[in-house]
There are 2 protein chains.
Amino acid sequence: MRVVILGSAAGGGFPQWNCSCRNCGALRRGVFSGKARGQLQVAVGTQDRSWFLLNASPDLRAQIEAHPFLHPGDGPRQSPIAGVVLTSADLDQALGLLLLRELQPLQIYSTISIRGILRNDNSMFGMLHRVPKQAQWQDVVSGIEFGLASPSGAQSGIQCLPVSLGTHYPHYVPADRAAALNPNEALLGLVLQTEGSGRLGYFPAVPKLDDALLQQLGSLDVLLFDGTFWSDDELIQIQGGGQTARQMKHVPISSEQGSLRLLSGLSRPRKIFVHINNTNPMLDVSGPEYRQVRDAGWEVAEDGWHFEL
Amino acid sequence: MRVVILGSAAGGGFPQWNCSCRNCGALRRGVFSGKARGQLQVAVGTQDRSWFLLNASPDLRAQIEAHPFLHPGDGPRQSPIAGVVLTSADLDQALGLLLLRELQPLQIYSTISIRGILRNDNSMFGMLHRVPKQAQWQDVVSGIEFGLASPSGAQSGIQCLPVSLGTHYPHYVPADRAAALNPNEALLGLVLQTEGSGRLGYFPAVPKLDDALLQQLGSLDVLLFDGTFWSDDELIQIQGGGQTARQMKHVPISSEQGSLRLLSGLSRPRKIFVHINNTNPMLDVSGPEYRQVRDAGWEVAEDGWHFEL
């Protein structure tokens, strides 16, 4: 199984359009020790001409063009993108579906609740249903493994296990609507593998780390993990107000109850932070936070990284 | 009044992610005589730190970063983007609003019907209303001029006249919903000017050219006009099926009833084609179609063009 990280930043990307934090400001002035990043986008595949996207980023158009393996073949609508697996209805994870609207057959794997929010509550997603057999939605259920298949039905050989991680729907879902949805269908992590391959964990948004999840992560070979915020009050310090990381349903990296310490016993997987917010000080490779995560055995994802499992 | 063309292509951009037409294929192989283009995006302003977007493209994040005059000032949420004027609810014109969701105060000018489609039928737009005085929607009415103002109320000095151009709502709007909307609020052109400036016409989607519109266009100093399709059957020839340009509510450029001939008497404005589809042969600057439009006194917009009026 091949894995490509097309983008590695959290929603808004790095730099973010209206942000002048230390990171964004230094990057724009050309004095930042670190790289710009598009919004998180991962592609997995076993064959040259069949790829599956993990979520669909708002930067997807540029990300596809930057990677020739995702360019279309000859003839109309010959994109090698066969499908998308959604882990939430967050804009930075789902908006890119609307960039794939040009009559391309696509499998979209999501929970029933996420599908309901997108298809029923957002008429724009009708653009994925202009012709028969354009988007085909496949319901997934936490704890039940499924095979990733192309719209023609051809199996990729990739098995995907969804893992329910949280009960919180995005801000834009009205409270009464959210209350009527299945809370276990709000947010997923994914474990992907092929026969004989290693196990890839895709956990870009993790609200809390409990023992069951720790055990699951311990069985992985590569872990792509929530690297959104360094500290719980990161946005409050920069903006002078707002929510903590935990209120935004992200375990911060630092502190006694942060992911770096809680995952310090995880010896098996290669550990890579993804979904990194523009404000996160570990983006600065000359800084102490970057040194700390590297010394702890973690990597900080950059756009374009790829590996085999 | 300053005018910047941040992007010049139609929906999907050039190249388009799943297209291998002659243009897209040659561009990807590096043998195309012409430039790649982002999706149409125009910015207008009279002051350094206050700009208004005409529509909001899905490529807006990259377009902002590529243009330092749109970068934020020091401090949180100091973007110089003060507002957006919407001419339709098409995805390639409105989706970029969701990229401006990071708690930035913004004026959004649209017809009541376009606002209804976005705000009432698409819950995602709730992200523009997370805090008080984030997005402020201002209703506009065809034929009634209004002043572009920043969220603080400061006038830019730019006056904007909306002109109703069509009665057709986007594909994704269900037929019964569209039937309940005011047909004259579906699609606008804009005429913008400041006191003492020339008149800018922004007409990126024109379903038909009648005498009243021809007269209006004749009074302009710069015209940004629908350059989507060269010929009426352009997509059908490439895809082997689908809709004509006119069915998609775009006057094609060529033929007896095309825009090039119908607008041939237009002597006053500088005439620039924008919203150019990836399939349009005039993108090839070595081809006869490009030569024909240039000989007729038209220009073919490229990303990054800017001028003063």
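A few remarks follow.
- In this entry, A:Arg2 passes the filter for residues that are among the basic types (Lys, Arg), farther than 17 Å from A:Met282 by Cβ, more than 11 Å from every other protein chain (Cβ to nearest Cβ) and within 21 Å of the chain's Cα centre (by Cα).
- For beta carbons closer than 6 Å, sequence separation of 6+ or different chains, a first residue in the range B:58-74 that is open to solvent by 10 Å² or more (accessible area, probe 1.4 Å) and a second that is of a type in the set (Ser, Thr, Tyr), the qualifying pairs are B:Pro72/A:Ser20; B:Pro72/B:Ser79; B:Asp74/A:Ser20.
- Among residues that are under 13 Å from B:Gly34 (Cα atoms) and not aromatic (Phe, Trp, Tyr), B:Glu308 is not included.
- In the range B:220-255, residue farthest from the other protein chains (Cβ to nearest Cβ) [restricted to those that are surrounded by fewer than 23 Cβ atoms within 10 Å (Cβ to Cβ) and aliphatic (A, V, I, L, M)]: B:Val222
- Filter pass, B:Arg101 being more than 8 Å from chain A (Cβ to nearest Cβ) and basic (Lys, Arg): no
- Just one of the listed residues (B:Ala175, B:Ala186, B:Ala154, B:Ala205) is open to solvent by 30 Å² or more (accessible area, probe 1.4 Å), small (Gly, Ala, Ser) and more than 18 Å from B:Gln107 (Cα to Cα), and it is B:Ala175.
- Within the range B:274-309, the set of residues being surrounded by fewer than 22 Cβ atoms within 10 Å (Cβ to Cβ), in contact with a strand residue (DSSP E or B) (Cβ under 8 Å, 6 or more places away or on another chain) and acidic (Asp, Glu) comprises B:Glu299, B:Glu302, B:Glu308.
- Residue that is nearest to A:Gly38 (Cα to Cα) [pool: residues in the range A:250-289 that are part of a helix (DSSP H, G or I) and touching a residue at least 12 places away in the same chain (Cβ under 8 Å)]: A:Leu283
Yes or no, residue by residue, for (1) within 25 Å of B:Met1 (Cα to Cα); (2) within 12 Å of chain A (Cβ to nearest Cβ):
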| residue | (1), (2) |
| --- | --- |
| B:Leu95 | no, yes |
| B:Ile114 | no, no |
| B:Ile117 | no, yes |
| B:Asp121 | no, yes |
| B:Gly126 | no, yes |
| B:Ser152 | yes, no |
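- Count of residues meeting criterion [within 7 Å of chain B (Cβ to nearest Cβ) and of a type outside the set (Ser, Thr, Tyr)] in the range A:61-87: 12
- For the range B:138-154, a tally of residues being more than 23 Å from B:Leu99 (Cβ to Cβ) and part of a loop (DSSP other than H, G, I, E, B) returns 7.
- Unmet criterion (only one of (1) surrounded by fewer than 20 Cβ atoms within 10 Å (Cβ to Cβ); (2) part of a strand (DSSP E or B)) for B:Pro162: (1)
- Filter result (closer than 17 Å to B:Met282 by Cβ and either free of Cβ contacts under 8 Å to residues at least 24 places away in the same chain or part of a loop (DSSP other than H, G, I, E, B) (or both)) within the range B:227-249: B:Gly227, B:Thr228, B:Phe229, B:Trp230, B:Ser231, B:Asp232, B:Asp233, B:Gln237, B:Ala245
- Test: residue in the range B:218-226 that is of a type in the set (Ser, Thr, Tyr) and not in a strand (DSSP E or B): yes
- Just one residue in the set B:Asp48, B:Asp90 is more than 8 Å from chain A (Cβ to nearest Cβ), modelled with pLDDT under 95 and touching a Pro at 6+ places or on another chain (Cβ under 9 Å); that residue is B:Asp48.
- For the range B:20-44, a tally of residues being open to solvent by 20 Å² or more (accessible area, probe 1.4 Å) and farther than 14 Å from B:Val285 by Cα returns 4.
- If you go through the range B:75-99 and keep only what is in contact (Cβ under 8 Å) with a residue 24 or more places away in the chain, open to solvent by 20 Å² or more (accessible area, probe 1.4 Å) and not acidic (Asp, Glu), you end up with B:Arg77, B:Leu99.
- Checked against (1) away from chain A (no Cβ under 14 Å); (2) out of contact with any strand residue (DSSP E or B) (no Cβ under 6 Å at 6 or more places or on another chain); (3) in contact (Cβ under 8 Å) with a residue 40 or more places away in the chain; (4) open to solvent by 20 Å² or more (accessible area, probe 1.4 Å), B:Thr167 passes all but a single condition, namely (3).
- Flag for B:Ala180 being in contact (Cβ under 8 Å) with a residue 12 or more places away in the chain, open to solvent by 20 Å² or more (accessible area, probe 1.4 Å) and among the hydrophobic types (A, V, I, L, M, F, W, C): no
- Some residue of the range A:172-190 being among the hydroxyl-bearing types (Ser, Thr, Tyr) and more than 13 Å from chain B (Cβ to nearest Cβ): no
- Screening B:Gly30 with (1) at positive phi; (2) in a helix (DSSP H, G or I); (3) not hydroxyl-bearing (Ser, Thr, Tyr) gives one miss only, at (2).
- Within the range A:76-107, the residues that satisfy the criterion of being touching a helix residue (DSSP H, G or I) at 6+ places or on another chain (Cβ under 7 Å) and closer than 18 Å to A:Gln155 by Cα are A:Pro80, A:Ile81, A:Val84, A:Leu106.
- Selection from the range A:117-137 of residues that are open to solvent by less than 10 Å² (accessible area, probe 1.4 Å) and part of a helix (DSSP H, G or I): A:Ile117, A:Leu118, A:Met124, A:Phe125, A:Leu128
The values are calculated or read from the model by the stated rules, or taken from the named source; none is laboratory data. Owing to the predicted nature of the structure, the values given are computational and were not obtained by experimental measurement. Quick reminder, even Gly has a Cβ in these numbers, built from the backbone with ideal geometry, and neighbours come from all protein chains shown. These area figures cover heavy atoms from the full protein model, side chains too; ligands, DNA and RNA do not enter into them. Shrake-Rupley method; radii C 1.70, N 1.55, O 1.52, S 1.80 Å.
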